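Beneath this line is the structure, given in structure tokens, with notes to follow.
The values are calculated or read from the model by the stated rules, or taken from the named source; none is laboratory data. Predicted, not measured: the structure shown is a model, and the values here were computed from it. Here the Cβ is made from the backbone with ideal geometry for all residues, glycine too, and neighbour counts use every protein chain on show. Remember, those area values only see protein heavy atoms, side chains included, never the ligands or the DNA or RNA. Shrake-Rupley method; radii C 1.70, N 1.55, O 1.52, S 1.80 Å.
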Amino acid sequence: MAAALGAGSGATFALVALLAPANKVGSVTGVVGAAGGLGGFVPPLLMGFVYGRYGTYALGRSRSGSAVCSGSPRAATG
């Protein structure tokens, strides 16, 4: 799984280099990296809060799944 995630990360940054204007690649890469860092930091905190409050991960898993599914069409068209 880690290898697949690493390959996906490399593909993301390669896509940034292809799509961003040449003079903005560094800035866009920084923003993408920061978003990825927050995505790896905030969800575990939220899931820990949900588990501590309710004793189950079900609510957090359903909400995060809903967020992913609702965001996917927007990202693809946007």
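Surface analysis of segment 10-54 yields an accessible area of 73 Å² per residue, using protein heavy atoms and a 1.4 Å probe. If I take R0 = 30 Å and measure r between the Cβ atoms of Leu45 and Ala14 in this structure, what FRET efficiency does the formula 1/(1 + (r/R0)^6) give, to the nearest 0.05? Approximately 0.50, to the nearest 0.05. Between Ala58 and Leu38, the simple spin-label model (points 7 angstrom out along Cα→Cβ) gives 3.1 nm.
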